[in-house]
Structures are given as C-alpha cells and as structure tokens.
Amino acid sequence: QVQLVESGGGLVQPGGSLRLSCAASGSIFSNYAMAWYRQAPGKQRELVASINSYFSINYADSVKGRFTISRDNAEKTVYLQLSSLKPEDTAVYYCHAVYRGSSSWGQGTQVTVSS
C-alpha cells in the first residue's frame, strides 16, 4: 500500500496562489490513479481534481480554470497548483491514491484563504 505525504498548504490572501505536493512511496506509483480532495469545516469531503495513470484529468466545476493537477512519475509526486484562490477554497486538502482496489489517503494539508 502506498504512503502519501502532503505539503505546501498555508495562509494566503484572496487571489493568491499555492502549490500543494503529495509525495508517494512505493515502486508502482505510475500505475496509481491520483486525486486531490478537500474538506471544509462542517462539510463533506469533496473531489477537487484527479489524474489517472494515462494522465487523463478531471476537475470539479468549482475549481476549473483556477486549479491545475499534474504528476511526475519519476519523482513519485502529484501536484495541485491553486490560483485565484477564494475564501471558499479554505479547507484541508487530502491526497488520494487508488490502484487495483487498494486505496490510500494522506494526512492532509491546511489551506486557508483570508485577508
């Protein structure tokens, strides 16, 4: 089972940018479908963006045009570039990996958008 460690969260002003990273262990990272989820206080966890082993990408409507997901298989890392941030983007962001029915979550990284 892959282990995931997120980093890059923090406090940013509205309109600002952040880049989140998710570093994975294991030797078959390239086979994993990767995704970023987020969970705001009092709300359910929601899918933000996903990228599969063929580099097919999907985004939630709320982040299209503002967030960009990418992966570097050589570095075993998936990224989420957050731009034009809004206060409603405030949440804990989680990395998720899926491969052949095996699923792993990272510990999460806090993103706070506030002036």
Qualifying residue in region 49-57 (condition: open to solvent by 50 Å² or more (accessible area, probe 1.4 Å) and among the aromatic types (F, W, Y)): yes
Output for region 70-115, where each listed residue is among the polar types (S, T, N, Q), over 20 Å from A24 (Cβ atoms) and surrounded by 14 or more Cβ atoms within 10 Å (Cβ to Cβ): S83, T90, T112
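Considering each residue of region 6-22, count those that are closer than 11 Å to K76 by Cα and open to solvent by 50 Å² or more (accessible area, probe 1.4 Å), and give that number.
So the first thing to find is which residues in region 6-22 are closer than 11 Å to K76 by Cα, and the list is 21-22.
Remaining after also requiring open to solvent by 50 Å² or more (accessible area, probe 1.4 Å): none.
The qualifying residues number 0.
Assess whether K64 counts as being of a type in the set (K, R), closer than 17 Å to G108 by Cα and free of Cβ contacts under 8 Å to residues at least 60 places away in the same chain. Break it down stepwise before answering.
Values: of a type in the set (K, R): yes; closer than 17 Å to G108 by Cα: no; free of Cβ contacts under 8 Å to residues at least 60 places away in the same chain: yes.
The answer is no for K64.
The values are calculated or read from the model by the stated rules, or taken from the named source; none is laboratory data. Values in this document were obtained by computation on a predicted structure and should not be read as measured data. Ideal geometry is used to build each Cβ from the backbone, glycine not excepted, and the neighbour counts take in all protein chains shown. Keep in mind that these areas ignore ligands, DNA and RNA; they rest on the heavy atoms of the full protein, side chains included. Shrake-Rupley method; radii C 1.70, N 1.55, O 1.52, S 1.80 Å.
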